[in-house]
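Have a look at the structure below before the remarks.
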Amino acid sequence: MNWGNAIVRELKNAGDVITELQLELHLEGNFRKTEKKMTWLAAQGSLLEAEFLEVGYLLTKDMLKGDDLDDYLATDTTVMIEALCRANLVGLKEGDVLQLERKGYFRVDKSVCHEPEGRAVLFKIPTSGKDSS
């Protein structure tokens, strides 16, 4: 990460899974001006499973003035994403806060060592405004 830019010359996929990339390094490129960004983890090292949970807004309207609450309750307010993370996630304990690049800030709800299947659970910390990463 933060190594520089690369230009995708060829991409092979099987359905939604990218199986092969051919890249040409373009280190003089400006990563801030690069429109599409991607980060990957090498399959050779130890990867750990994790769940990222993001809880959205419960109401679809900012202020309720005489409105019926049931008309403005949001549906599907929780999103869970299964992910693979680098092995250094194993050193985190419950309550730790970390930043995942291009994802936001998360609080560790369950560390890897407390889950029987070795899966960490992280909750996204909301930021100001109605943004989504």
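The values are calculated or read from the model by the stated rules, or taken from the named source; none is laboratory data. Keep in mind it's a predicted model, so treat the numbers as computed, not measured. Cβ atoms come from the backbone with ideal geometry, glycine included; neighbour counts cover every protein chain shown.
Annotations
- Those residues of segment 34-64 which are modelled with pLDDT under 85 and touching a helix residue (DSSP H, G or I) at 6+ places or on another chain (Cβ under 8 Å), in sequence order: Gly45, Ser46, Leu47, Leu48
- Residues of segment 70-95 classified as among the β-branched types (Val, Ile, Thr) and either within 17 Å of Arg119 (Cα to Cα) or in a strand (DSSP E or B) (or both), total: 4
- Scanning segment 90-98 finds one or more residues that are exposed (fewer than 12 other Cβ atoms within 10 Å of the Cβ) and either at positive phi or modelled with pLDDT under 85 (or both).
- Test: Asp67 is part of a loop (DSSP other than H, G, I, E, B), at pLDDT below 90 and of a type outside the set (A, V, I, L, M, F, W, C): no
- Residue pairs meeting the criteria (Cβ under 6 Å; at least 6 apart or on separate chains; first exposed (fewer than 10 other Cβ atoms within 10 Å of the Cβ), in segment 19-35; second not in a strand (DSSP E or B)): Leu27/Gly4
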